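These notes are about the structure you will find just below.
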Amino acid sequence: MKYQSQAVAKPYFIAAIGLFLGQILFGLIMGLQYVVGDYLFPAIPFNVARMVHTNLLIVWLLFGFMGAAYYLIPEESERELYSPKLALAMFWIFLVAGAATILGYLLVPYATLAEMTGNDILATMGREFLEQPLPTKVGIVIVALAMLFNLSMTVLKGRKTAINLVMLLGLWGLAIFFLFSFYNPANLVKDKFYWWWVVHLWVEGVWELIMGAMLAFVLIKVTGVDREVIEKWLYIIIAMALISGLIGTGHHYYWIGTPEYWQWWGSVFSAMEPIPFFMMTLFAFNMVNRRRREHPNQAAVLWALGTGVMAFLGAGVWGFLHTLAPVNFYTHGSQITAAHGHMAFYGAYAMVVLTMISYTMPILRGREANSRKAQVMEMWAFWLMTIAMVFITLFLTAAGILQIWLQRIAAEPMGFMAAQDQVALFYWMREITGLVFFTGLTLYIVSFFVKGEEARAS
Amino acid sequence: MNAAPRRISRAVLAEALYLVNLLLAPGLAFLALLVLFRRHRDSADALTRVHTRQAFAASLVAGTLLVVVPGLIALTGDLSQPAVWTMLLLYFVCCHAGLVMLGVLALARALAGQAYVYPLLGGFR
């Protein structure tokens, strides 16, 4: 690596992978609970497994983003990180806080956890994805601010590029929008309105900036295409992401008690949300087609291309599928949402973090690329996980269509649980495919331990 | 504009029209593609020729897969059965997404000044 301080990215990436494994294990537990209702009850009730599954996802992606930022920003800024010690201290604080939170979910009843952690002082718990106790939320803010101070100082003293500025803008946005998690008005409409300012404006707003910057960084490195070309693409992509994504928040306001005009605003702007993902796919393939070198790390190239494709399918196509108000009237809160969520998170964010890990980890371990054998195993992991995720999405989509018909369209609509019984076959198939995903992830982890001669550029 | 950018822009236009036909203006974009195809199908330039021919042929296939096949399913299946709707919607979404992805690959190749052949359409170069 070019700068010694980039090494702080390594523990972040290792933690990210460990937490990713935990997320998948809890996903498998939940998947089984869908069809075997009392599996692991009362030790791990469904609501707790779900909370752990989604919270681990958020935390491991945050670890991934932070690791990526600590690697990318010194290299782009052409200087050492402002304070590597601060970055390492924040790593341990975040890891301990994250682990304690997950253990709290698993070992203490949620209501007791809320009492123990000061939720009566400032009530912020009990909302989907923002279930973290108050001290954890405060910890996230402290870690994020320390990271932003560290990275901003590095950029301020160093070279400014489109990539490090977009990355920094995305990370600042991430921290600022998280502050809305502390605002929990008693009015349920207002609560949901601002809740989406964290959830939507993260994943369909500022996270897209982080994703675009990471993808652009890796593509410059593995293709050798001129920075000017890649930066122009990046500008257009992030402009489209913000133009469509900010007002696109309206697609969450159709049925929560907000004014009716949101059905128009939400539909029109969120219909444009696939555009940046479409452009990212085109961008990735175009850059690889125009490459000036054959990078020895072919696994990283595969992850980068896969990110483009899967983000477009998961976030773009499956998002558009149910984003228009007249369609969403039927699909809202069904398994269609779950299908979209799975493929979008994997395609857009899990894969871009894995792209970054795939590119940087060999360098952090002292070589440009892993051995051919290790890369082949990593590519197997890529295909197993990606194909499994495609099928998970398809089975959930099928379950969703059937669920909507049975619950919302049939002449004599079924109740929720009765409809769940009817779609159980798809849940079983999803669970089996989940095991394939788990196999892929295991292979991915094993690939880090495969030795052999370092691959060279052809 | 010199010759190289012009031939690339024709190739890009053909693939862009293929995508617009799938995503934004079905029918209208196909008519524009038809005009482009009639003008350049026998172009001396291989890049222009392959992209206009391929984009046109792929649009015809896409039309068949996205209009004729779902139409047949709707006509022959019992639309009061949820299983038929499940199959129809899944088929349409997957098929449409797959065709768009192929168009993205083709457009990326056109932008890079490279030829692209859609799967199973190698005879229409």
### Message
Exactly one condition in (1) within 11 Å of another protein chain (Cβ to nearest Cβ); (2) surrounded by fewer than 16 Cβ atoms within 10 Å (Cβ to Cβ); (3) touching a residue at least 12 places away in the same chain (Cβ under 8 Å) is false for residue B:80; which is it?
### Response
(3)
### Query
Does residue A:229 satisfy the criteria of being within 30 Å of residue A:259 (Cβ to Cβ) and either assigned to a helix (DSSP H, G or I) or in contact with a Gly (Cβ under 6 Å, 6 or more places away or on another chain) (or both)?
no
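Give A:31, A:22 a once-over and let me know the one that is in contact (Cβ under 8 Å) with a residue 40 or more places away in the chain and touching an Asp or Glu at 6+ places or on another chain (Cβ under 7 Å). If you could, list the steps in order and put the result at the bottom.
Values: A:22 fails: touching an Asp or Glu at 6+ places or on another chain (Cβ under 7 Å).
None of the other options fit; the residue is A:31.
Quick one: is residue A:76 among the charged types (D, E, K, R) and in contact with a Pro (Cβ under 8 Å, 6 or more places away or on another chain)?
Details: among the charged types (D, E, K, R): yes; in contact with a Pro (Cβ under 8 Å, 6 or more places away or on another chain): no.
Against the criterion (among the charged types (D, E, K, R) and in contact with a Pro (Cβ under 8 Å, 6 or more places away or on another chain)), residue A:76 does not qualify.
Within 29 Å of residue A:390 (Cα to Cα), more than 14 Å from chain A (Cβ to nearest Cβ) and surrounded by fewer than 19 Cβ atoms within 10 Å (Cβ to Cβ): which single residue out of B:35, B:20, B:68 fits that description? Explain how you work it out, then say what you get.
Details: B:35 fails: within 29 Å of residue A:390 (Cα to Cα); B:20 fails: more than 14 Å from chain A (Cβ to nearest Cβ).
From the options B:35, B:20, B:68, the qualifying one is B:68.
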### Query
Which residue pairs have Cβ atoms under 9 Å apart, sit 6 or more places apart or on different chains, and have a first residue in the range A:357-371 that is closer than 20 Å to residue A:215 by Cβ and a second that is acidic (Asp, Glu)?
A:358/A:378; A:362/A:368; A:362/A:454; A:368/A:454; A:369/A:454
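Looking at the structure I just gave you, is residue A:262 part of a loop (DSSP other than H, G, I, E, B), out of contact with any Asp or Glu (no Cβ under 6 Å at 6 or more places or on another chain), surrounded by fewer than 23 Cβ atoms within 10 Å (Cβ to Cβ) and more than 14 Å from chain B (Cβ to nearest Cβ)?
Values: part of a loop (DSSP other than H, G, I, E, B): no; out of contact with any Asp or Glu (no Cβ under 6 Å at 6 or more places or on another chain): yes; surrounded by fewer than 23 Cβ atoms within 10 Å (Cβ to Cβ): yes; more than 14 Å from chain B (Cβ to nearest Cβ): yes.
Here the answer is no, as residue A:262 does not meet what is asked.
Residues are listed down the side, and each one gets a yes or a no for (1) in a helix (DSSP H, G or I); (2) aliphatic (A, V, I, L, M):
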{"position": "A:406", "(1), (2)": "yes, yes"}
{"position": "A:413", "(1), (2)": "no, no"}
{"position": "A:427", "(1), (2)": "yes, no"}
{"position": "A:430", "(1), (2)": "yes, no"}
{"position": "A:437", "(1), (2)": "yes, no"}
{"position": "A:446", "(1), (2)": "yes, yes"}
### Message
Looking at A:323, A:337, A:331, A:307 in this structure, which one is under 30 Å from residue A:374 (Cα atoms), β-branched (Val, Ile, Thr) and in contact (Cβ under 8 Å) with a residue 12 or more places away in the chain?
### Response
A:307
### Query
Does residue A:433 fit the bill of being within 14 Å of chain B (Cβ to nearest Cβ) and in contact (Cβ under 8 Å) with a residue 12 or more places away in the chain?
no
### Task
Scan A:214, A:310 and give me the residue that is closer than 21 Å to residue A:65 by Cα and more than 14 Å from chain B (Cβ to nearest Cβ).
A:214
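Laboratory data are not the source of any read-out in this text; all were calculated from the coordinates shown. Being a predicted model, the structure only gives us computed values, none of them experimental. Don't worry about glycine lacking a Cβ; one is built from the backbone with ideal geometry, like all the others, and counts go over all protein chains shown.
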